[in-house]
1. What is the one condition in (1) under 20 Å from H15 (Cβ atoms); (2) open to solvent by less than 80 Å² (accessible area, probe 1.4 Å); (3) without any contact (Cβ under 8 Å) to a residue 12 or more places away in the chain that I119 does not satisfy?
2. Output the residues belonging to the range 11-28 that are in contact with a helix residue (DSSP H, G or I) (Cβ under 7 Å, 6 or more places away or on another chain) and surrounded by 15 or more Cβ atoms within 10 Å (Cβ to Cβ).
3. Considering only residues that are without any contact (Cβ under 8 Å) to a residue 40 or more places away in the chain and part of a loop (DSSP other than H, G, I, E, B), look in the range 96-111 and name the one that is surrounded by the most Cβ atoms within 10 Å (Cβ to Cβ).
4. E93 versus (1) surrounded by fewer than 19 Cβ atoms within 10 Å (Cβ to Cβ); (2) at pLDDT 95 or above: which is the lone unmet condition?
5. I need the full set of residues from the range 4-56 which are over 16 Å from I72 (Cβ atoms), part of a loop (DSSP other than H, G, I, E, B) and over 22 Å from the mean Cα position of the chain (by Cα), in order please.
6. So in the range 128-148, with the set limited to residues that are of a type in the set (S, T, Y) and in a strand (DSSP E or B), which one is least open to solvent (accessible area, probe 1.4 Å)?
7. Do we have Q59 as within 21 Å of the chain's Cα centre (by Cα), closer than 20 Å to G24 by Cα and surrounded by 15 or more Cβ atoms within 10 Å (Cβ to Cβ) here?
8. Within the range 69-76, identify whether any single residue is over 17 Å from the mean Cα position of the chain (by Cα) and part of a strand (DSSP E or B), and answer yes or no.
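The values are calculated or read from the model by the stated rules, or taken from the named source; none is laboratory data. Please read these numbers as outputs of a predicted model, since none were measured by experiment. Cβ: placed from backbone, ideal geometry, glycine included. Neighbour counts: every protein chain shown. The protein model used for the area step is the full one, side chains on, heavy atoms only, and it has no ligands, DNA or RNA in it. Shrake-Rupley method; radii C 1.70, N 1.55, O 1.52, S 1.80 Å.
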Amino acid sequence: MGNANYAWILHMLSHLEVTRGVAGFLLANGALGDEDSLEIREKLIENDKIEAIIVLPRQMFYSTDISVTLWILNLNKKGGIYHKRNLRNREGEILFVDLRTWNQNKYERNFVQFSQEQIQEIVGIYQKWQQYGLEDSKDFAAPELYRSVSKKEIEENGYSLVPSRYIEFVDRDQDIDYQSIMKETSTKVSELLHRQAENQEALAKAFKELGYGE
């Protein structure tokens, strides 16, 4: 391994209760797809140890301003009653959530903090995905926010855990009226050039009155 990320993951995994252990921890985003740790990542995915990958916004922590990932490991994704909740079988699935744009709520000017409403929404997404009664997890998705992904699709993507590989991106450029924008831009540029010419003329006149120039 080129770094200690997966040594830390394996350390956490080794301390979980074998039949129903759950762990959540933060790692740098590089651990989601680095080639040095591909073999270990592949084993974790194939052995169904990963339940959710949740990418957080930048500037959430004093020690770093980079975006980091919350990993959730679960040694029992078969479902059943857990903390008085009836969970469905989630074997062969991983929930991906991308929260990098949830950075509007700031404190101390620069640092990001989730609001209580945002926290409740995140918990709601995760628990709804887990919940018994979800008709088809393949349809559990929201563009640019979350998606339930099968182990087979992750394998087809080279065992990458980068959420943007799986969560739909909305191409907003399709809704742009380029003709209107180009016309407006052209008008503004013409106005600026005309104003610049007037300013240069006025400046030349002022220098001439001061005795400079011809």
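1. Every condition holds for I119 apart from (1).
2. A23, L27 - these are the residues of the range 11-28 that are in contact with a helix residue (DSSP H, G or I) (Cβ under 7 Å, 6 or more places away or on another chain) and surrounded by 15 or more Cβ atoms within 10 Å (Cβ to Cβ).
3. My answer is N105.
4. It is condition (1) that E93 fails.
5. Result: A4, V18, T19.
6. If we take residues in the range 128-148 being of a type in the set (S, T, Y) and in a strand (DSSP E or B), then S148 is least open to solvent (accessible area, probe 1.4 Å).
7. Yes, satisfied.
8. Within the range 69-76, one or more residues are over 17 Å from the mean Cα position of the chain (by Cα) and part of a strand (DSSP E or B).
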